[in-house]
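Before any comments, here is the structure.
The numbers here are math on the coordinates, done by the rules we state, and not lab data. Because the structure is a prediction, the values reported are computed rather than measured.
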Amino acid sequence: MIRVEEIYSKKDLKKFIKFPFKLYKDSANWVPPIIKQELETFNKDNNPIFKDAEARFFLAYKDNEIVGRVAAIINWLEVKDQNQKKMRFGWFDFIDDLNVSKALLEKVEHIGKEHNLEYTEGPVGFSNLDKVGVMTEGFDSIAPMITWYNYPYYVNHYESHGYIVEKHYSESKFPFKNVKPEFFKKAQELIKRRYQLKALKFTKTSEVMPYADKMFDLFNESYASLSSFVAITDIQKEYFKKKFISFVNPEYIKFVVDKDDELVGFAIVMPAFAQALKKANGKLFPFGIGHILKARKHSKDVIFYLIGIHPSYQNKGVHAVIFNEYYETFTEKGIQTCFRTPELEDNEAIHKIWKHFSPTVYKRRKTFRKSLV
């Protein structure tokens with residue numbers, strides 16, 4: 001018999017976070033999160049997302065053993081401001097037992113109906129900067145720190161419980177040697193002169209911070225047309241600055257500004273931390289932080305985390321300026337492989353940006369939905 005319990009205490013939240021450590025203990029490609037960071041994400045007093053969203057956490061038990069988990073999420077900005085009556089769910093993991101996944105999803109569906117929401121969708125997080133999608137291809141390659149990993153049987157569970165595909169995502173990679181500077185070197189000089197633009201170089205995180213708010217504003221503007229987008233609020237900006245900006249090598253943050261010092265384009269690249277996180281095994285201390293700092297400095301693989309161009313500058317070649325800056329930085333650092341985060345497969349604009357690098361899709365993932373009416 002399956003028993004599902006809602007959890008509230010920090011002690012139980014640790015059980016929630018640690019369940020995948022047991023589920024994936026024999027997986028070579030699952031990457032453990034940092035337990036402390038996950039706890040901070042779920043801290044309703046510290047994470048500003050909870051000013052506009054709510055979440056309830058559930059654990060499933062079988063024979064008094066934890067066999068599954070799920071977070072049931074409502075983003076009220078999405079529901080009220082965008083009239084997207086969506087019940088979100090994420091951090092959804094379970095053993096290969098249809099009764100377990102069904103019991104957890106029924107909790108999510110019940111909450112959605114209580115709030116008169118029209119459908120569920122998952123796995124997703126609180127916002128667009130969270131992980132997204134259940135993996136459907138690419139089980140034989142290690143998961144980056146910015147995505148969820150799952151066993152192949154997960155998809156069957158969604159389909160068995162009446163869920164249908166909502167969105168398609170792909171993850172691509174390309175060797176740095178595929179980057180041919182002739183595609184952007186001359187063009188970027190012309191573009192900078194024509195539109196009076198300049199690229200900003202950073203060597204210290206403190207140099208980035210004065211532009212960070214503008215970056216999040218531009219992120220909101222450049223991604224607003226995507227079907228899954230929920231804007232970042234002012235209070236969330238402060239949280240994300242602490243959570244993300246300080247974690248990234250400043251030389252991997254590229255900004256392009258106009259003659260008035262207004263931001264028109266940006267990109268954030270992160271070192272690949274997957275192997276370091278596997279060695280850390282969820283803990284920063286005593287040794288985990290050393291593995292992460294080493295990867296931050298020496299990793300030869302990088303992940304393109306975000307790239308955004310102001311709508312009035314899209315299709316004007318601003319990305320060529322950004323790529324030229326990265327080409328110089330990556331050449332100096334001896335970067336070997338570039339990875340991209342999950343991108344909506346119907347986002348034609350982003351795919352056009354990367355076409356000259358001959359990327360290879362190495363993972364695919366989907367979100368699933370179910371009607372509640």
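Given the C-alpha centroids of the stretch 167-240 and the stretch 286-334, what is the distance between them in whole angstrom?
One Cα centre to the other: 10 Å.
Can you classify the stretch 160-255 as rounded, prolate or oblate using the Cα gyration tensor, where a ≥ b ≥ c are the square roots of its eigenvalues, rounded means a/c under 1.5, and otherwise it's prolate if a/b beats b/c and oblate if not?
It comes out oblate by the Cα gyration axes.
Taking amide hydrogens as modeled 1.01 Å from N in the peptide plane, which residues meet the under 5 Å criterion relative to GLY265, leaving out close sequence neighbours?
Those qualifying (amide H under 5 Å, at least 5 residues apart or on another chain) are VAL256, HIS310.
Cα-Cα over 28 Å: which of LYS177/LYS241; LYS294/LYS355; LYS51/LYS370; LYS15/LYS131; LYS131/LYS254?
LYS177/LYS241; LYS294/LYS355
Using θ = phi - 60° and the Karplus form 6.51 cos²θ - 1.76 cosθ + 1.60, what ³J(HN,Hα) does each residue of the stretch 268-281 get, whole Hz, x for Gly and Pro?
Calculated HN-Hα couplings, in order: 10, 10, 10, x, 6, 9, 4, 5, 5, 5, 5, 5, 5, 6 Hz.
What is the angle, in °, between the Cα long axis of helix 318-333 and the longest principal axis of the Cα atoms in the chain? Nearest 10 is fine, range 0 to 90.
Tilt relative to the chain: about 90 degrees.
Would you mind checking which residues have amide H under 5 Å from ILE34's amide H? H placed 1.01 Å from N; only 5 or more apart, or other chain.
Here the answer is none, since no amide H 5 or more places off falls under 5 Å of that of ILE34.
With θ set to phi - 60° and the Karplus curve 6.51 cos²θ - 1.76 cosθ + 1.60, what are the ³J(HN,Hα) couplings of the stretch 244-253 in order, to the nearest whole Hz, using x for Gly and Pro?
Per-residue couplings from phi come out as 10, 4, 5, 8, 9, 4, x, 6, 9, 10 Hz.
Using C-alpha positions alone, give me the convex hull volume of the stretch 99-180 per residue in cubic angstrom.
Convex hull volume per residue, Cα atoms: 134 Å³.
Convex hull over the Cα atoms of the stretch 254-373, averaged projected area in nm²?
Numbers: hull surface 46.5 nm².
Seen from a random direction, the Cα hull of the stretch 254-373 projects 11.6 nm² on average.
Give the share of C-alpha pairs in each 20 angstrom bin for the chain, from 0 to the last occupied bin, in whole percents, shortest bins first.
Once binned at 20 Å, the Cα pair distances of the chain give 28, 58, 14, 0.
For the chain, what is the relative contact order in percent, using Cα pairs closer than 8 Å and at least 6 residues apart in sequence? Working shown, then result.
Numbers: 680 pairs, mean separation 84.6, N = 373.
Here the relative contact order equals 23 percent.
Between helix 205-223 and the chain, what is the angle of the helix's C-alpha long axis to the longest principal axis, kept within 0 to 90° and rounded to the nearest 10?
Taking Cα atoms only, the helix is inclined about 70 degrees.
Could you give me the ³J(HN,Hα) list for the stretch 67-74, computed from phi with Karplus coefficients 6.51, -1.76, 1.60 and θ = phi - 60°, whole Hz, x at Gly and Pro?
With coefficients 6.51, -1.76 and 1.60, one gets 10, x, 8, 7, 10, 9, 10, 10 Hz.
Mind checking which of LEU39, LEU13, LEU226 has the largest fluctuation in a GNM of the chain, springs on alpha carbons under 10 Å?
Highest fluctuation of the listed residues: LEU226.
If each DSSP helix of 4+ residues adds -39,500 (n - 2.57) and the sum is divided by the residues in the chain, what number results at 222 nm, nearest 500 deg cm²/dmol? Walk me through the intermediate numbers first.
Numbers: 11 runs with 127 residues, N = 373.
Theoretical 222 nm ellipticity from helices: -10500 deg cm²/dmol.
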